[in-house]
Ligand SMILES: [Zn+2]
């Protein structure tokens, strides 16, 4: 369990590590369907692939927001760090007002329920993009994934849908990151001339900064994800934003720099 606390102006934030999954090299290398596996292997080099899950917690004026929920009690061994991380900050699951779901991949939503089926964040309302809801209702129907269909239909009344630019809480707005999924989105935290942009699954491994055109195997629309990746990284560099990635090495925070046409990741120390 690791927790990294920071403030953006007067907004309290924390990055909570859900866990770090072991990523075997061969399966990481196989995740870039339009790339030559030998090139991916060379890009990874001697580095360990990152399997971290970094969740953003924000307290804006007393509204407590958790962006994604990780695996919670139901994940593989080594997960569940977010619940322990919140406890270490004196925050009970019942204190979370808003669960913001960036997208509906399992490593972002599985922790909505506890092992006994009860709600992990019993007082929260859930916020996401309509396109995300629509994509997964259709996909789960096509796959006869009754567990997810039942769970999400049962929670429908707790959901509200937002669009890019909408304010979730004072100083916390929605950023469109479409491509990885149809409603993939992040949050921009802004206060007192300070910014934090949570770009979630804009990329998954640090070597992708050198290979922005590589599709990722779990992208809903790989070509659109490439456009979004380029546009968003450009913004991060132009505006010198503190940037958070869900899957880079904990805490996943740093700056995106650009030298000529080349982007580079500068993690915080
Ligand atoms: Zn993910």
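Every number here is computed from the coordinates shown, using simple stated rules; none is lab data. The structure presented is a predicted model; accordingly, all values stated were derived computationally and were not measured. Cβ: placed from backbone, ideal geometry, glycine included. Neighbour counts: every protein chain shown.
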Projected area averaged over orientations for the chain, convex hull of C-alpha atoms, nm²:
13.8 nm²
Within 10 Å, count the other beta carbons around each residue, average over each peptide in 29-41, 188-200, and list them highest first.
188-200, 29-41
Ellipsoid semi-axes in whole angstrom, largest first, where each is sqrt(5λ) of the Cα gyration tensor of segment 145-269:
26, 19, 13
Based on a Kirkwood Rh over C-alpha pairs, give the Stokes-Einstein translational diffusion coefficient of segment 59-172 at 20 °C and viscosity 1.002 mPa s in µm²/s.
146 µm²/s
Per-residue ellipticity at 222 nm attributable to helices in the chain (runs of n ≥ 4 DSSP H, -39500 (n - 2.57) apiece, nearest 500 deg cm²/dmol) works out to -7000 deg cm²/dmol
What whole-number distance in Å separates the alpha-carbon centres of segment 228-269 and segment 177-198?
12 Å
With a 10 Å Cβ neighbour count serving as the proxy for reagent exposure, in which order, fewest first, do 22, 159, 152 appear?
22, 159, 152
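Packing-wise, with mean Cβ within 10 Å as the measure, how do 225-232, 208-215 rank, highest first? It would help to have the intermediate numbers written out before the result.
Values: 225-232: 18.6, 208-215: 17.1.
Taking the mean over residues of other Cβ atoms within 10 Å, the ranking is 225-232, 208-215.
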For segment 30-111, would you read off the P(r) tail past 16 Å as a percentage of all alpha carbon pairs?
61 percent
